[in-house]
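Working notes for the structure below.
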Amino acid sequence: MQEIRQKFTCMKGKVEKYVFNNYLLKHIETPIIDEDKLLILVSITDLLELPIAKLENYTLSTMLIQTALDTHEHISEKTDNEKSRQLTVLAGDYYSGLYYKLLADSEEIMMIKTLSNGVKEVNEHKIAVYHKESDNLENLMNNIKSLESALLKNFANYFQLDLWNEQTANILLFKRLLAEKKQYVQRKWSIVFEAIMHIINSHDDVHLSELTDKQQSHLINVYDQLLDRTKQTIEDGMNKIPFLNEFLESRIGFLVKQHQPYVKTFLEEG
Amino acid sequence: MKLKMMYSFLNSDINIIEKELGETIQARSLLLKQASMHTLQAGGKRIRPVFVLLAGKYGDYDINVMKNVAVALELIHMASLVHDDVIDDADLRRGQPTVKAKWDSQTAMYTGDFVFALALKLMTNIKNPEAHKILANTMVEVTVGEIQQIKDKYRFNQNLRDYLRRIKRKTALLIAASCQLGAIAANVEESVHKKLYLFGYFVGMSYQIIDDILDFTGTEKELGKPAGGDLLQGNITAPALFAMENKEIKKAIETVHENMTAAEIAKIITLIKQSGAIAKSVALSDQYLDKALRILDELPDNKAKKALRDIAKFIGRRKF
């Protein structure tokens, strides 16, 4: 466990060194480095028998493009600060350029192809969720799962070792669902809640801020059931993760504890 | 002569590139495809693919290889335009609504990232690592240039060197890379592809200086926006820098801020135009154009050389 933790900390430091540009940080929200995705990458590469420098280069470039995509999530119509909006776009483009440069300089053309395919898929699923293109909840969950995991899935499949399975994607889906619920509770808005409402309201748009108590309760109920189901799937298939280690296991354990099944909460409160 | 006439011998290959651009943009989501095609269909000179193909004529030209570079570079250019419209909060480009205006900023961000990924994926059909090193370095430099442009806004104590470094990154490097990558894809020898890089660089510098001049001399109808927009946004370009050699005009320029009225900025534009700064800027552009033409003299004679010469002269002396 210590070794994985050390590798993780070391890689996190390297990603930060590239991402935390002094000028950009003065004007944009501090870029979020997705530590769970980094831990998954470190856990995957730990199983590979390749030179350390090569593995670090793969991990670093994958995290740079992930951070680029995450940074571009911070753009909205509502940004009051023009300079911040401009530099947030450019920061994402800059990280994206760095990812390509790292792989190009080390002549990893096939990895560039692999990750580009991942970026393409991520954005296809992002658009589908953002524009509420999902017909049903199953389809919506698959889109969220894919937008969260397509990059890492492409990365793992590159090594052709059956490193990837749906279980890892479910963990990333669960984490996203938790984050969206937190956002909805705090801000009464979430793109995923909006997409769910669009589906359960027969594709008629209703502003989340205008929901009646009954509609709100129904929405939360549906959402919690989705969380329950995903949590159960994760717990049932924990041992199926090919690159599971103690550090990752404890992190997954922490994540699943963040949500209590709907029925249990209801009974406790009742 | 019209620009397209200068490379009419490439017409069938340009058509292949155009078709390939459309075919490359395939997406699961209809909306994503529409947003991506929207920018593509807005047109544009396709000058980067043209440079790629012309440079390829110095080596083993195979359109099936060349098209990967030509399409990838045009897609990268397109993706950057989609993001630039979010940066500039622009509603119109080439008279058409931008992706940001037709949908919204978030859609524009996803579309730009998607198109950029398609471009890199396509580019990986080129196996020469040198090509990727050049393109990756160019992309980082272009973004650093854009960040620098924001840093330099309303910074009136900058000098000509700051400006030239900025336009090098903003415009010249991608045109230089287009020429060099086209040559590398056609296995052109190093001494020649390096000269083609320099040619593209000098043409790009000349092109951007002319663009910056037109922002002062063009009419609102020609520009699609009021003249002097660059200065109003705090972008200090060659005409303003030359005009600031006069202390009185410098004082006036230093008063520019984004909330200035149209009448106030018009007065300053007139001062700049009367100062002789436009002629000095044209001379600067001509210096780069001459350098570009001199580089061409060192290259072997062929059809491409004549086309490159004509295009360089056209974009270095264009009125719009």
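The values are calculated or read from the model by the stated rules, or taken from the named source; none is laboratory data. Computed from a prediction, not measured in an experiment: that's the story for all the values here. Cβ placement follows ideal geometry from the backbone for every residue including glycine, while neighbour counts extend to all protein chains displayed. Side chains included, ligands, DNA and RNA excluded: accessible areas come from the protein's heavy atoms. Shrake-Rupley method; radii C 1.70, N 1.55, O 1.52, S 1.80 Å.
Pick out, in residue order, every one of the trypsin sites (Lys or Arg not before Pro) in the stretch B:72-105 that is DSSP loop and has at most 14 other C-beta atoms within 10 Å; say none if there are none. Those satisfying the criteria are B:Arg94.
Do any trypsin sites (Lys or Arg not before Pro) in the stretch B:290-320 lie in a DSSP loop with no more than 15 other beta carbon atoms within 10 Å, and if so, which? Passing both the DSSP loop test and the Cβ count: B:Arg317, B:Arg318, B:Lys319.
Counting only whole DSSP H helices of chain B, the ones at least 24 Å long by C-alpha along their axis and with mean Kyte-Doolittle hydropathy no lower than 1.0 are B:63-87.
For the stretch A:44-120, what is the convex hull volume of the alpha-carbon atoms per residue, in Å³? All intermediate terms of the calculation are to be shown ahead of the outcome.
Numbers: hull volume 7.2 nm³, N = 77.
Taking only Cα atoms, the stretch A:44-120 has a hull volume of 94 Å³ per residue.
Summary of the geometry: the stretch B:265-316 and the stretch A:72-127, compared by the centres of their Cα atoms, lie 34 Å apart. Chain B packed on chain A takes about 4200 Å² of accessible surface away from a 1.4 Å probe, both sides summed. So what's the angle, to the nearest 10 degrees on a 0 to 90 scale, between helix A:52-71 and the longest Cα principal axis of chain A? The angle comes out near 40 degrees.
Computed log10 I(q)/I(0) for chain A at 0.10 Å⁻¹: -0.56, from the Debye equation with unit scatterers placed on every C-alpha and solvent omitted.
Using only alpha-carbon positions, what ratio does the radius of gyration of the protein assembly as shown give when scaled by 2.2 N^0.38 Å?
On the way: Rg = 26.1 Å, N = 590, 2.2 N^0.38 = 24.9 Å.
The reported ratio for this selection is 1.05.
Please work out the FRET efficiency for the pair A:Asn142 and B:Ser8, using the Cβ-Cβ distance as r and a Förster radius of 56 Å; give the result to the nearest 0.05. All intermediate terms of the calculation are to be shown ahead of the outcome.
Details: r = 50 Å, r/R0 = 0.88.
So the FRET efficiency works out to roughly 0.70.
With a cut-off of at most 12 other beta carbons within 10 Å, and DSSP calling the residue loop, which GluC sites (Glu not before Pro) in the stretch B:157-221 qualify? Please list them.
Numbers: sites: B:Glu189, B:Glu190, B:Glu220; in loops: B:Glu189.
For GluC sites (Glu not before Pro) across the stretch B:157-221 that sit outside H, G, I, E and B with at most 12 neighbouring Cβ atoms in 10 Å, the list reads B:Glu189.
With kT/(6 pi eta Rh) evaluated at 20 °C and eta = 1.002 mPa s, and Rh the Kirkwood radius from Cα pairs, the stretch B:3-316 diffuses with a coefficient of 105 µm²/s according to Stokes-Einstein.
Taking 0.36 nm per residue of sequence separation and removing the Cα-Cα distance, the A:Asp236/A:Glu29 pair yields an extension gain of 70.8 nm.
For peptide B:26-39, what's the mean number of Cβ atoms from other chains within 10 Å of each residue's Cβ?
Values: counts 2, 5, 9, 11, 4, 5, 10, 2, 0, 2, 1, 0, 0, 0.
The per-residue average across the peptide is 4.
Specify, per residue and in Å³, the volume enclosed by the convex hull of the alpha carbon atoms belonging to the stretch B:229-305. Each step should come with its number before you reach the end.
Working: hull volume 8.3 nm³, N = 77.
Spread over its residues, the Cα hull of the stretch B:229-305 gives 108 Å³ apiece.
For peptide A:81-90, the mean count of partner chain Cβ atoms within 10 Å of a residue's Cβ comes to 5. Of the cross-linked pairs B:Lys33/B:Lys225; B:Lys121/B:Lys195; A:Lys26/B:Lys267; B:Lys151/B:Lys250; A:Lys7/B:Lys121, those separated by over 24 Å at the C-alpha level are B:Lys33/B:Lys225; B:Lys121/B:Lys195; A:Lys26/B:Lys267; A:Lys7/B:Lys121. Working note: Karplus 6.51/-1.76/1.60 with θ = phi - 60° gives the stretch A:176-190 the couplings 5, 4, 4, 5, 5, 5, 4, 5, 5, 5, 6, 10, 6, 8, 6 Hz, where Gly and Pro are set to x.
Sorted from greatest to least, the principal axis extents spanned by the alpha carbons of the stretch A:1-146 come out as 44, 42, 31 Å.
List the relative contact order of the stretch B:3-316 as a percent without decimals, with contacts defined as Cα pairs under 8 Å and 6+ residues apart. Please report the intermediate quantities before stating the final value.
On the way: 429 pairs, mean separation 60.8, N = 314.
Computed value for the stretch B:3-316: 19 percent relative contact order.
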